[in-house]
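The values are calculated or read from the model by the stated rules, or taken from the named source; none is laboratory data. All of these numbers come straight from a predicted model, not from anything done at the bench. For neighbour counting, all protein chains shown are included, and Cβ atoms are generated from backbone atoms with ideal geometry for every residue, glycine included. Keep in mind that these areas ignore ligands, DNA and RNA; they rest on the heavy atoms of the full protein, side chains included. Shrake-Rupley method; radii C 1.70, N 1.55, O 1.52, S 1.80 Å.
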Amino acid sequence: MMNKFCFQFVFLFLIVSFQSKAQTTPDTPTKGLFFEKVYLHTDRETYIGGEDIWYSVFLVNAQNQKLIGSSSTLYVELVSDNQTQDVIDKEIIQLQNGRGFGDFKLNELLPDGNYKLRAWTNWMRNFGDQFVFSKDIKVLKSFEVKSGAGVKKTAQSVASISATNLNNQKINIRFFPEGGSLVEDNAGLVAFKLMDDDFNVATEINGEIVDQNGEFLTTFQSSDGVGTFTLLPVEGKKYFAKGVFADGKAFSFPLPNALQIGYSIRVVDKDSLLQVIVTTNEPISGTEKKVILIGRNKGNICYQLEFPIQNLSNLVKIRKNELPDGITALTVYDQLGRPNAERLVYVDKKSDIALNITPDKNIYQPKEKVTLKIKAVNASKNPVKASLSLSVVDANIISGNANNIISYLKLSSEIKGQIERPTQYFDPNNINRLRSLDLLLLTQGWRDFVWRQLADSAMKIKYVPEKGFTLTGSVKRVFSEKPIQNANVTLFANGATGNKLFSAKTDSAGQYYMDDVVLKGTQILKLTAFDDKGKKNNWLQLDSIFKKTVFKYQIQKHRDIENNPTLATELLRRNTAVKNKMSVKDTIELDEVKVKGSKTERVSGEMALNFGYKPEVFNVTPDDYDFTNLGHFIKVKSNQCREVEEAENPGMFRIVFLYSGKVIQPLIVVNGKEMPFTANDSQEVRDSYYNTYYAIQMNKVEKVVIKHLVGANQLGFGEESGMSTVTTDRDIFVIYLTLKAGALDPVRFYAINEKVNGYYNARVFYQPLNNSKNTILDQRTTVYWNPLIVTDEKGEATVSFNNSSIKTKLNIVAEGISEDGVPLVRKLEYQVK
């Protein structure tokens, strides 16, 4: 347990460490701060509703890529890839030495579309979303199997829609001067990329560069939507790229304006050397100016050279073996320490570790047992210890993953934004991969380098690494927001692993903290709070243990959803065959029932209430459990709700609704029953009832509906009584609550018995007993999944599993990390005949 003093000490230590870093000069290495990256290997990336997503976790030090045990708690979300970013499901995974695993069961009714798998630790929250893992997941639409013709027709329809959408996109050309800016009178390289509204456009165009007078300067040509050209900007001139698209439409795009005075950087790859050319148009005669060239790899300074500017163009040669593997940012600083130009370069150093997978046979039969021998060795054939995960999927149904642990750690996590097919840059069979990678760094990397963004932003260290759960909450006066300082909070967690009893004191804001509480699965937490005099007149509150996400990623439209109807139909057929134990014929179809309702409903004995406005409807989800209570939820969610202080009782607040300048206290209907008070009751009695309901915790509420109605007071008995019927309209707000059983049990504000979900108990991948006696047809798409494989002292590991019943081609993918931080990937295919 970490008490309040220890928490503040760690917090202060981290702040001091970072402040010492922030005050460094460009040529001083930074120390005292570490960074985490997380990668999730999934069994595949394409699913259908009702299937399982299996994933394995690798938490590494972002600067050396070794597995790191700094955090033991990982938060994982499955999120819809739309504007609202709805959380579909979430889990908390316990990590041991940087490794863990979990799974998501997709709802059968989950809409088809694009989703994202996101993961982060509490420590990562200090750096915004820079190190948050994000992976695209596709859920295909379920197409009903009717006939081959029907499927074919649907496929043609989808294809035509995709083509139409593509043609309707407006294509732009974006320009990226090498080093960041064009400089007048300095010849510079300009990279360009064809973009539509959301994507790179992989096409070829030809054009020319002209000045504002239409004078021709040079030509340019794209390959797969990218390319380069050289330009020497002249003082006072503007430049344009002109040409014709493939559809015959003419285009004209302006180039960025050149700097009047500045520096530029040019990098030329010469086998084992990088020739770095630093140019300037500043006057140099009679002055001695110096610049500093600094190279940073994953935030660490890996190269530094200070040299005088003796000519307008200066050459620096850097041996590639002086730079580490991966992306290095070369930055030119002037003599005042100001960055003037920056260029990203990639140094490709081949891994000296080989990961081999050897099946015991070349060809197998359906349901036959398969044994795989896995071995990791270095260039000297010495064994290597590695931590791996392995998937075996039907290659005829599922294509390879768009990303893997190598492309993610070395590229995707370094360059923010959408990178199409990042594995292509690490495929040794792609002879142009390094040239293509350099173009990517010239364009997309020009502005979105992660470590560059961190250097440009002010970071505040607020969140500590978690070894267990950090429970937080507050203690306040009952029915008040006034905090209670030095309250004693005690937690008893009978089902916790390790320590079960925790205590803490509240700070000046009434907040308390309890660290390293290890909770697995569903647990009951019992908390009590007493003030410094031992009295119970306080209101104890517990925050959600799931860190409600504060990360918002840029919405990326997906041109290719892979919504292949044939593929979706086959996945649906297989999934149905695996799980379906009951025939549709056994169900009974009921007759349609139509419900008719009146526009008037009687809520109060005194009034007939007419529907006047669209109701506010809130279905409570686990995400809403973060709200302090029902009163807090209503205040935040409702557009017309307000909280006002009672004039006769300062410090006490009342929830009301405002309409046309009127302050209206609502009626409350709970599970169909109105609250038992009348207009004749005193306000004190009413407040007692209101506060009882407003204090209910959100995990005990299922639904909240707020209606703005018009009430008609009946002031008479009709014409038959000899009196006129007079009605007076008044605005009424009614809160309809649907509560769970036990929600209205007597409330002890100083005590909490809370059921919480701790670390997720991951399921074990199911393997049917396939043998000659088992006649069940096994049609799994993912045939085998093992999230945690560790090679022994010989660098070896062995796994066994049984094939499914299908004659097909199976794809084996192993991903992992060596003990020295080398990411590993091995792919292999075998036939089942």
Residues with beta-carbon under 11 Å from that of G225, excluding G225: net charge, scoring Lys, Arg +1 and Asp, Glu -1? -2
Determine the alpha carbon to alpha carbon distance for each of K536/K637; K141/K755; K350/K381 and list only those over 26 Å. K536/K637; K141/K755
Placing one equal point scatterer on each C-alpha of the range 434-533 and summing with Debye, one gets log10 I(q)/I(0) at q = 0.11 Å⁻¹ equal to -0.56
Which entries of K505/K526; K135/K375; K298/K460; K320/K349; K375/K410 show an alpha-carbon separation above 21 angstrom in the structure shown? K135/K375; K375/K410
Can you order the peptides 77-88, 486-497 by their average number of other Cβ atoms within 10 Å per residue, highest first? 486-497, 77-88
Computed over the range 236-305, protein heavy atoms only, probe 1.4 angstrom, the accessible area per residue in square angstrom equals 53
Under the Karplus relation 6.51 cos²θ - 1.76 cosθ + 1.60, θ = phi - 60°, what is the ordered set of whole-Hz ³J(HN,Hα) values for the range 427-439, x standing for Gly and Pro? 8, x, 7, 8, 5, 9, 5, 5, 5, 5, 5, 5, 5
Can you figure out the FRET efficiency of V636 with N311, using R₀ = 56 Å and their beta-carbon distance, to the nearest 0.05? 0.30
Can you grab the distance from the C-alpha centre of the range 383-456 to the C-alpha centre of the range 257-324, Å, no decimals? 28
Over 18 Å between C-alpha atoms is what I'm after, so list which of K535/K635; K367/K809; K373/K827 land there. K535/K635
